[in-house]
Amino acid sequence: MSELRNLDEKLGEVLGLAQAAKGATQKVGKLAEEDERRRLLDQMTEEAEETARRCETVLDDAAFDGRKTAILAQARETRQEATEMMSTYLGDDADELDGFEFLVMAEAGEVGHWKILDTLNERAGIAAVRELTSYAIPVQDRHEQLARETALAIAGAEDPLAVS
């Protein structure tokens, strides 16, 4: 298996995070109490699937010849780690607020990874990666904002002095 360059590793990580995001939004969707929030999570799931698909398409670019298998292995490892983090954070007693709090953390991390990939690619100049980050960064920024705003709305509606 080929050694991964910094850009390859980050591409594998964003692919793995996009794959994990699908599972996270589906799990939080089961915790969501309002149809509007479930629809939001369904849209986020679809966009995570589209992002993962676009990542996989980029791997066919000549810039990644001989590295695709190693990048996919990095993606699997990242997906597994992210899924384990979600399972730890969202235990059997998780509620809707817990779910959206987790998404705030996950989406912020994902945004950071995408922006790092974009920065690495500024010098590498791979057009397919530039196109991918141009698509994904606004999507991820929006996901982070929606998760944060939803978590704050849920928290704002709760009785702050109630026993949990």
Completion exercise
Whole-Hz Karplus couplings 3J(HN,Hα) for the range 90-99, θ = phi - 60° and coefficients 6.51, -1.76, 1.60, Gly and Pro as x, run 9, x, 4, 9, 5, 10, 4, 4, 4, x
Handout entry: Estimated inter-spin distance, SER87 and GLU149, nm [label 7 Å along Cα→Cβ]
Key = 3.4 nm
Practice task
Name all residues of the range 132-152 having a backbone nitrogen under 15 Å from the label point set 7 Å from the Cα of ARG54 along its Cα→Cβ direction, giving them as ranges.
Solution key: 132-144
Problem - From phi via Karplus (6.51, -1.76, 1.60), per-residue ³J(HN,Hα) for the range 101-109 in Hz, x at Gly/Pro - result: 4, 4, 4, 4, 5, 5, 5, 4, x
Completion exercise
Length-normalised contact order of the chain, Cα under 8 Å, at least 6 apart, in percent, tallies to 30 percent
Problem - Dipole in debye (nearest 20) - the range 64-164, about Cα centre, beta carbon charges: Lys, Arg +1; Asp, Glu -1 - result: 860 debye
Fill in the blank from the handout: Along the dipole axis of the chain (charges at Cβ: +1 for Lys and Arg, -1 for Asp and Glu; origin at the Cα centre), the most positive-end residue among ALA151, GLN43, GLN140 is GLN140
Problem - Cβ crowding within 10 Å averaged over residues, with 129-140, 91-102 ranked highest first - result: 129-140, 91-102
Completion exercise
In cubic angstrom per residue, the convex hull of the chain built on its Cα atoms measures 101 Å³
Problem - Label-to-label distance, nm, for residues given as VAL163 and ASP35 (7 Å Cα→Cβ offset) - result: 3.6 nm
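The numbers here are math on the coordinates, done by the rules we state, and not lab data. A quick note: this is a predicted structure, and the numbers were derived from the prediction, not measured. Virtual Cβ from ideal backbone geometry, glycine too; neighbours counted across all protein chains shown.
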